[in-house]
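The values are calculated or read from the model by the stated rules, or taken from the named source; none is laboratory data. Quick caveat, the model's predicted, so the values are computed rather than measured. Every residue, glycine among them, receives a Cβ derived from its backbone with ideal geometry; neighbour counts consider all protein chains shown. Only protein heavy atoms, including side chains, enter the accessible area calculation; ligands, DNA and RNA are left aside. Shrake-Rupley method; radii C 1.70, N 1.55, O 1.52, S 1.80 Å.
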Amino acid sequence: MWTTLYFLQAVSAFMIWKSIGFKKALPWLLFFTQLALNFAWTPIFFIAHQLLWASVESTFQAFFILFTITIFGDINKTAGLLLLPYLAWVTFATYLSFTIWQLNPETLGLWIIFH
């Protein structure tokens with residue numbers, strides 16, 4: 001699945017680059033922020049075992065993907081639409097992360113706040 005999603009992101013970004021280059025900062029700021037959030041989720045969930053924080057992080061990621069879709073869509077409609085499967089997958093992953101946290105409350109996802 002991720003191979004397809006990364007391919008769609010690359011094609012979408014390429015289309016934006018062909019349309020505006022790097023003349024506008026906002027589309028690229030949003031795109032690379034959501035990409036950084038994408039890369040951050042794995043260590044939060046799998047290494048730190050912070051299931052709640054992984055859910056919170058992926059919620060932010062979903063919003064940044066939505067913002068990216070909106071801005072990309074204003075520049076090139078197809079480029080924005082290409083990111084919709086990615087948004088759907090991250091939304092589903094957010095739901096799964098939250099559900100796993102609910103089923104495993106002993107992970108103490110809020111430990112950092114209260115200690």
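Which condition number in (1) buried (at least 19 other Cβ atoms within 10 Å of the Cβ); (2) without any contact (Cβ under 8 Å) to a residue 24 or more places away in the chain; (3) of a type outside the set (Gly, Ala, Ser) is the one that residue 6 fails?
(1)
If you take just the helices (runs of 4 or more DSSP H) that sit entirely in segment 11-115, which of them hold at least 2 residues that are in contact (Cβ under 8 Å) with a residue 12 or more places away in the chain and open to solvent by less than 100 Å² (accessible area, probe 1.4 Å)? Working first, answer last.
Numbers: elements: 25-42, 51-75, 77-81, 84-103, 111-114.
Output list reads 25-42, 51-75, 77-81, 84-103.
Name the one entry in 68, 94, 107 that is touching a Leu at 6+ places or on another chain (Cβ under 7 Å) and modelled with pLDDT of 95 or more.
Values: 94 fails: touching a Leu at 6+ places or on another chain (Cβ under 7 Å); 107 fails: modelled with pLDDT of 95 or more.
It is 68.
Residue by residue through segment 53-86, note down the ones that are of a type in the set (Ser, Thr, Tyr) and touching a Phe, Trp or Tyr at 6+ places or on another chain (Cβ under 8 Å). Talk me through it step by step, then tell me what you get.
First pass over segment 53-86, keeping only residues of a type in the set (Ser, Thr, Tyr): 55, 58-59, 68, 70, 78, 86.
Selection gives 55, 58, 68.
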